[in-house]
1. Looking only at the range 61-80, which residues are farther than 23 Å from Gly549 by Cβ, over 17 Å from the mean Cα position of the chain (by Cα) and not charged (D, E, K, R)?
2. Tyr106: in contact with a Lys or Arg (Cβ under 7 Å, 6 or more places away or on another chain) and under 30 Å from Arg247 (Cβ atoms), yes or no?
3. Provide a single number: the residues in the range 93-126 that are farther than 26 Å from Leu254 by Cα and of a type outside the set (Ser, Thr, Tyr).
4. Within the bounds of the range 438-450, is there any residue that is among the hydroxyl-bearing types (Ser, Thr, Tyr) and open to solvent by 10 Å² or more (accessible area, probe 1.4 Å)?
5. Among the residues of the range 385-439 satisfying the criterion of being in contact with a Leu (Cβ under 8 Å, 6 or more places away or on another chain) and among the aromatic types (Phe, Trp, Tyr), which is farthest from the ligand (Cβ to nearest atom)?
6. Name the pairs whose Cβ atoms lie under 6 Å apart, with the first residue in the range 102-125 and open to solvent by 10 Å² or more (accessible area, probe 1.4 Å), the second not small (Gly, Ala, Ser) and not in a strand (DSSP E or B), and 6 or more positions between them or separate chains?
7. Report every pair of residues separated by at least 6 positions or lying on different chains whose Cβ atoms are under 9 Å apart, first residue within the range 467-489 and of a type in the set (D, E, K, R), second open to solvent by less than 10 Å² (accessible area, probe 1.4 Å) and more than 8 Å from the ligand (Cβ to nearest atom).
8. Step by step: first the residues of the range 458-477, then only those that are in contact with a helix residue (DSSP H, G or I) (Cβ under 9 Å, 6 or more places away or on another chain) and more than 16 Å from the ligand (Cβ to nearest atom), then the one that is nearest to Val44 (Cα to Cα). Which residue is that?
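The values are calculated or read from the model by the stated rules, or taken from the named source; none is laboratory data. None of these values were measured; they are calculated from a predicted model. No Cβ is skipped: glycine too gets one built from the backbone with ideal geometry, and neighbour counts run over all protein chains shown. Note: areas computed on protein heavy atoms with side chains; ligands, DNA, RNA excluded. Shrake-Rupley method; radii C 1.70, N 1.55, O 1.52, S 1.80 Å.
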Amino acid sequence: MRLLIIWGLALGSICTAGAQTQPQQQWPYDYQVEKNITVSHSAVVSAHPLASIAGRLILQEGGNAVDAAIATQLALAVVYPGAGNLGGGGFMVARLANGQQIALDYRETAPAKAHRDMYLDSAGNPVTTRSLDGHLAAGVPGTVAGLFASMKYAKLPFSRLIGPAILLAEKGFVITASEAANLNAYKADFQRLNTAPTAFVKDQPWKAGDTLVQKDLAHTLRLIRKKGAAGFYQGETAANIVAEMKRGKGIMTLADLKNYKVRERKALAFNYKGYTIVTMPLPSSGGICLQQMMGMMENYPVAEWGFHSPRAVQLMVEVERRAYADRAEFLGDPDFVKVPVARLTGKKYLAARMADFVPGKAGSSEATKAGTFPESEETTHLSIIDDKGNAVAVTTTLNGHYGSRTVVGKAGFLLNNEMDDFSVKPGVPNMYGLVGTEANAIAPGKRMLSSMTPTIVLQGKQPLYSLGTPGGSTIITSVFQMLMNTLEFGLSPADAINKPKFHHQWLPDEIAVEKDFPETVITALQEMGYKVVKRGPIGRSEIIKRTPGTFVLDAAGDKRGDDSAAGY
Ligand code: DON
């Protein structure tokens with residue numbers, strides 16, 4: 001782990017606090033992915049080794065899990081540009097050592113000039129390229145405001161937490177094979193959707209080991225270090241965003257940026273067989289759907305049936321179908337629409353929802369337009385547990401891979417394409433095949449419904465797991481499977497995230513399975529009457545388990561990407 005080293009320079013005294021690291025003049029040109037570690041103090045797991053290490057060093061310097069979450073997110077904005085971000089939004093769920101539960105909502109909002117039918121053509125047909133590509137696809141970014149709102153729970157100064165990110169952007173870092181492949185795959189998009197040259201495009205194809213330097217991004221990060229959130233939402237950076245909008249026919253204004261507000265929500269917490277699940281409320285659909293699905297599962301002895309047994313998979317598919325049907329009908333930004341949350345999650349209601357469940361026989365979703373699954377989706381999750389008893393789970397997103405693929409000229413960061421998470425037209429599937437209604441229609445200032453589900457599990461009063469994943473519409477069913485895999489089927493953290501996953505989202509009425517999903521289970525499901533389709537990888541999950549009564553932590557990063565754990 002030669003890399004550990006490097007940060008000493010950037011982070012000043014970071015290496016003096018009992019860490020195994022020594023300051024040394026060396027840059028992050030050499031690092032390794034650590035898929036699964038066991039440590040006895042604190043652990044971070046995120047989508048990129050350099051970001052996990054940034055978080056780990058902050059913990060070693062005496063920062064808490066929230067400090068580490070801020071530093072890790074900022075580092076991800078540099079080393080994982082496809083999803084880590086300044087120009088997107090996210091959610092942080094935390095459970096602090098003092099028992100406080102936190103749900104920070106820094107989701108993007110629709111600009112003031114947005115309107116309900118803005119992505120429809122004159123014949124009323126959706127033009128999804130407009131909600132997905134370029135300037136018009138971007139919601140007002142929430143991430144930087146979210147990081148500053150998180151500072152209330154942090155210990156170290158912000159200037160320290162942003163240090164690794166500035167260093168990585170300024171000096172560059174070597175990219176992995178998958179990052180090189182992605183940058184090459186999106187080259188034409190970057191060329192088509194940008195008004196100024198970007199660091200992501202070069203003449204020769206990218207290859208593993210190339211160095212990515214992001215000078216404009218480093219400049220923006222320094223402005224944020226100097227001026228706080230105003231370094232992004234006002235002054236030079238805001239002016240750069242608005243100038244970019246003007247060049248690319250976008251609608252975001254200085255007022256949109258200045259008016260952006262983080263919402264501190266009440267974390268959604270519910271009981272599942274003695275465990276407390278702490279997760280994200282609206283405008284994420286994840287927490288409510290999770291509570292519904294786990295509520296519907298509760299009365300069945302799935303642990304006895306076994307992991308990936310056809311009857312357990314079928315039951316999980318049927319509860320997923322029902323939760324996603326409700327999602328489409330009822331869920332949206334609670335500041336704009338009234339959502340019957342208590343009713344949707346009530347025990348009686350959930351029992352009634354399962355009244356027509358027939359074991360061994362496929363249910364059916366109403367036939368409407370079917371959605372499609374994209375192979376590549378980008379959002380990113382990080383989990384941290386520290387040795388003070390704090391647990392943090394953050395999921396943050398640009399929506400699609402590299403978001404709108406539009407980089408703000410002179411500012412060096414990518415803008416999201418989160419507007420596509422609204423229901424562009426009732427009943428018309430978005431990029432994840434999700435349908436919605438009035439509840440998730442576009443309105444100025446409104447937050448688009450999300451599936452991001454950062455989640456913490458408590459046993460008694462202690463954190464047991466911190467977990468989460470990207471994956472668009474599959475986020476909720478992946479988190480659901482991780483919880484079932486651990487709490488019911490007794491899988492190790494690594495197995496719980498890496499074993500093949502499946503997914504049903506009501507519409508389209510089919511079970512999507514990863515390519516390595518067991519053929520015997522597929523056949524059994526087909527015999528019950530299900531349509532089963534194979535698809536690309538589902539999510540990129542991160543998980544940390546704490547052994548009760550100790551600080552022994554088992555942290556695992558998903559096999560599906562460069563995900564990597566760090567700790568001590
Ligand atoms: O908020 C949401 O639900 C989506 N924008 C998340 C997108 C996502 O997970 C893409 N990633 N893999």
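1. Those that are farther than 23 Å from Gly549 by Cβ, over 17 Å from the mean Cα position of the chain (by Cα) and not charged (D, E, K, R): Gly62, Gly63.
2. Working: in contact with a Lys or Arg (Cβ under 7 Å, 6 or more places away or on another chain): no; under 30 Å from Arg247 (Cβ atoms): yes.
Taking the combined requirement at face value, the residue does not satisfy it.
3. Taking the range 93-126 as the starting set, the residues that turn out to be farther than 26 Å from Leu254 by Cα are 93-103, 121-126.
Next cut, of a type outside the set (Ser, Thr, Tyr) only: 93-103, 121, 123-126.
Looking only at that region, the number is 16.
4. Our first condition is that a residue be among the hydroxyl-bearing types (Ser, Thr, Tyr); within the range 438-450, this holds for 450.
Those still in the list that are open to solvent by 10 Å² or more (accessible area, probe 1.4 Å) too: none.
Checked the range 438-450: no residue is among the hydroxyl-bearing types (Ser, Thr, Tyr) and open to solvent by 10 Å² or more (accessible area, probe 1.4 Å).
5. Step by step, filter the range 385-439, then rank; the result is Phe413.
6. Once the first residue is open to solvent by 10 Å² or more (accessible area, probe 1.4 Å) and sits in the range 102-125, its partners that are not small (Gly, Ala, Ser) and not in a strand (DSSP E or B) give Ala112/Asp256; Ala112/Pro444; Lys113/Ile251; Arg116/Ile442; Asp121/Val127.
7. Filtered contacts from the range 467-489: Glu488/Met297; Glu488/Val302; Glu488/Ala312.
8. Checked the range 458-477; the qualifying residue nearest to Val44 (Cα to Cα) is Ser466.
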